[in-house]
Structure formats: structure tokens, C-alpha cells
Amino acid sequence: MIGEQKVLFSGMQATGSLTLGNYLGALKNWVSLADEYMTFYSVVDLHSITVRQDPAELRSRARRLLTLYIAAGLDPEKNCIYYQSHVSGHAELAWILNCFTYMGELNRMTQFKDKAAKHADNINAGLFTYPVLMAADILLYQADVVPVGKDQLQHLELTRNLAQRFNAIYGDVFTIPEPYMGKTGASIKSLQDPSKKMSKSDENPNASIYLTDDPDTIIRKFKRAVTDSEGQILYREEQPGIRNLIDIYSACTGKTPEETVREFDGKGYGEFKMAVGEAVVSTLRPLQERFQQLFQDKAYLDGIIKENAQKAQYYSAKTLRKVQKKVGFPERLF
Ligand code: TYM
């Protein structure tokens with residue numbers, strides 16, 4: 001809470017191109033919740049450097065991502081859209097929280113285990129303490145709600161534990177945040193291997209739909225999507241490929257999985273795949289068009305970036321000063 005207002009915080013990494021999973025699992029819910037909360041949406045570039053990045057490319061991707069937030073429907077006059085690296089409080093609070101986090105807790109994080117396996121030549125301390133920085137992001141703004149996909153729930157649970165631990169020692173400092181997940185779309189799977197999540201970093205380009213894919217590419221990828229030989233469109237564990245397509249279609253159209261199953265009762269996989277592809281194309285088209293317009297308006301974007309960074313700085317500093325005082329740092333006389 002900030003004053004009487006409930007707060008929403010969320011963020012995305014500017015690594016790789018955003019996928020349909022990022023959109024349906026997170027961004028879409030950010031937009032639908034925005035009116036109810038005081039909102040902070042960050043491009044989390046500090047997190048990105050936990051794996052090696054090309055500097056120019058990171059900068060360019062971060063700007064594209066920030067523009068995409070706006071293109072998806074977040075009004076930057078009402079929603080605070082900013083770069084994490086522009087607000088020093090994230091790293092400062094992360095340091096303090098590091099001193100309240102146990103190695104054992106971080107060792108259990110499945111994302112760390114996955115990423116460590118993927119980047120065996122660069123298992124750096126930042127990768128290990130990544131979830132603590134994420135906790136700092138959230139707690140810095142006293143967030144009540146954090147819309148995320150399923151893969152981030154473990155990090156949210158850690159955030160809640162850290163907040164409770166800190167509050168138990170120092171009194172009511174942090175709001176305890178709740179995760180928010182949509183009914184459909186919280187875990188979109190790879191189109192080529194439905195046992196894995198759809199991921200920005202998948203090496204097979206047919207596995208993911210990127211938000212920048214053109215209509216032909218989208219339809220082609222859905223045509224090639226891995227399914228099964230059951231020949232029935234049913235929403236069940238035994239048919240993970242079809243289940244994923246039902247999830248995607250439902251999330252794009254606002255239908256429930258049951259309604260989608262009814263709609264395609266007796267239809268073939270080919271027809272269903274086409275319908276899913278078309279639903280995705282029409283979901284992404286307006287976003288892609290707005291992106292193209294906005295991205296060219298350099299002065300407008302620069303203004304938004306500056307104003308919102310100042311706003312984020314203002315609110316984050318309030319929490320940070322409180323925390324610094326609680327842990328015993330000397331008062332600032334300047
Ligand atoms: P990131 O950048 O990997 O993903 C951004 C958001 O997209 C969701 N997501 C998915 N949802 C459904 N299906 C998928 N296949 C899929 N892939 C990704 C993620 O759950 C996420 O909500 N650590 C975070 C970024 C972060 C953050 C935060 C999020 C940093 N600080 C504070 C919330 C609050 C991450 O790497 O997300």
C-alpha cells in the first residue's frame with residue numbers, strides 16, 4: 001500500500017524477444033489490472049546482466065521492451081513504466097535483503113538450477129542472488145499484488161518469506177505481496193515440446209511465438225505445433241500439446257478451456273491449429289501496429305522514461321530510507 005492505494009508491481013527481462021508466453025502469462029494481465037492499482041512496471045535490466053549481454057543489444061532491447069509495455073495498452077501517464085537501472089534503490093535494498101536470505105533458500109530455486117545448468121561457464125553470484133533482487137523490486141514499492149506467470153511463483157514465495165522475516169524483527173516495514181495469475185495462460189508451453197515452457201531463449205525458433213512475428217510466421221508455427229495421435233480436442237494432461245493450444249486459444253479469446261473444447265468438438269487438429277493461429281494473429285496485430293508508431297517517437301519516449309524514473313525514485317526512496325533506519329544506518333544530515 002502507498003497511502004490508501006493498493007500497489008501493483010511487475011517486471012520483465014529485456015533478454016531475447018518477448019514470447020506469447022510473456023504476453024499471455026503476464027503483460028495481458030498487467031493491462032487488465034492497471035486501473036485498479038497504483039502501478040509500477042519495470043524493465044529489469046539489472047537482472048539481465050546475470051547472463052552475459054552485448055551492451056548495445058541490451059540497451060536496444062530494453063528500449064523496445066519499454067515501448068512494448070506502452071503498445072500493449074499501459075498508459076505511461078497513469079502507469080509508472082521505467083528501467084530498473086535508473087532507480088538505485090533496487091540494488092541497495094537487494095544488498096540489505098541479501099543479509100536476511102539463507103544460502104539454503106537460494107539453493108532450492110529451480111530457476112537458478114536451470115540457468116546454472118544452461119550457463120555452466122558463468123555461474124556468478126548475481127545469478128544465485130537473482131531472486132533477492134526480485135524481492136527488492138517488489139518490496140521497494142510496498143506492492144500488494146504481483147501479476148506473473150507460474151514460473152515465477154517460487155520467487156514470489158521467497159519474497160513473502162523475506163518480507164515476513166524482516167517484519168518479524170523490525171515491525172511492519174513491508175507489505176506482504178500476493179501473486180496474481182490469470183485463469184488461462186499462466187504457463188504457456190513450447191510448441192515443439194509441450195513439457196517445457198515457451199521461452200525467449202529456446203534455440204528452436206519454431207518452439208516460440210515472438211510478439212514481433214508476422215501473421216504468416218505465426219500461422220506456420222502453429223501448423224507445425226507438436227500434438228499427438230489421439231485425434232480428439234480434449235483438455236487433459238495426457239494431451240499436453242493440444243492442452244497448450246486450448247490454453248492459448250482460451251487466453252486470446254477470453255473463453256474458458258471448457259468453452260473452447262465445446263467449440264471444436266468433432267473438428268480436426270488442422271482446423272483447430274488454424275483457428276489458434278488466427279486468434280493469436282488478431283491478438284497481436286494492434287500491439288504490433290502501436291509499437292511501430294511509438295518506437296519512432298523518440299522525444300515522447302525519452303520524456304516518459306525521464307518522468308517515470310523520477311516517480312519510481314521518489315516512491316522507492318521512501319521505503320529504502322525506512323529500511324535503512326530500521327537496520328541501524330546513521331541518519332542522513334544532507
Ligand atoms: P521473465 O522476463 O522471464 O518473464 C516475464 C513474465 O512472463 C512470464 N512468462 C510466462 N508466462 C506464461 N507462460 C510462459 N511460457 C512464460 N514465460 C514467461 C513470467 O512468469 C513473468 O511474469 N524474474 C522475472 C522478472 C522480474 C520480476 C520482478 C517479475 C524481475 N523482478 C518483480 C515480477 C516482479 C523474469 O525473469 O521474468
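May I ask you to verify whether ALA116 is outside any loop (DSSP other than H, G, I, E, B), closer than 24 Å to MET198 by Cβ and of a type in the set (Gly, Ala, Ser)? Spell out the reasoning first.
Numbers: outside any loop (DSSP other than H, G, I, E, B): yes; closer than 24 Å to MET198 by Cβ: yes; of a type in the set (Gly, Ala, Ser): yes.
When the stated conditions are applied, ALA116 passes them.
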Scanning segment 1-18 for residues that are more than 17 Å from TYR141 (Cβ to Cβ) and in contact with a strand residue (DSSP E or B) (Cβ under 6 Å, 6 or more places away or on another chain) gives ALA14, SER17
Please work out which residue is farthest from the ligand (Cβ to nearest atom), limiting yourself to segment 145-176 and to residues that are outside any helix (DSSP H, G or I) and farther than 19 Å from GLU92 by Cα. GLY171
So which of PRO205, PRO179 ends up being under 22 Å from the mean Cα position of the chain (by Cα) and away from the ligand (no atom under 11 Å from the Cβ)? PRO205
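Which of the residues spanning segment 264-281 are open to solvent by less than 70 Å² (accessible area, probe 1.4 Å) and assigned to a helix (DSSP H, G or I)? I'd like the intermediate steps shown before the answer.
First, the residues of segment 264-281 that are open to solvent by less than 70 Å² (accessible area, probe 1.4 Å): 264, 268-270, 272-277, 279-281.
Residues satisfying the conditions are TYR269, GLY270, PHE272, LYS273, MET274, ALA275, VAL276, GLY277, ALA279, VAL280, VAL281.
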Within segment 137-144, is even one residue part of a strand (DSSP E or B) and either in contact (Cβ under 8 Å) with a residue 40 or more places away in the chain or not assigned by TED's automatic domain parsing to the domain that holds PRO177 (or both)? no
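The values are calculated or read from the model by the stated rules, or taken from the named source; none is laboratory data. These numbers were taken from a predicted model, which means no experiment stands behind them. Ideal geometry is used to build each Cβ from the backbone, glycine not excepted, and the neighbour counts take in all protein chains shown. Ligands, DNA and RNA are excluded from the accessible area calculation, which covers all protein heavy atoms including side chains. Shrake-Rupley method; radii C 1.70, N 1.55, O 1.52, S 1.80 Å.
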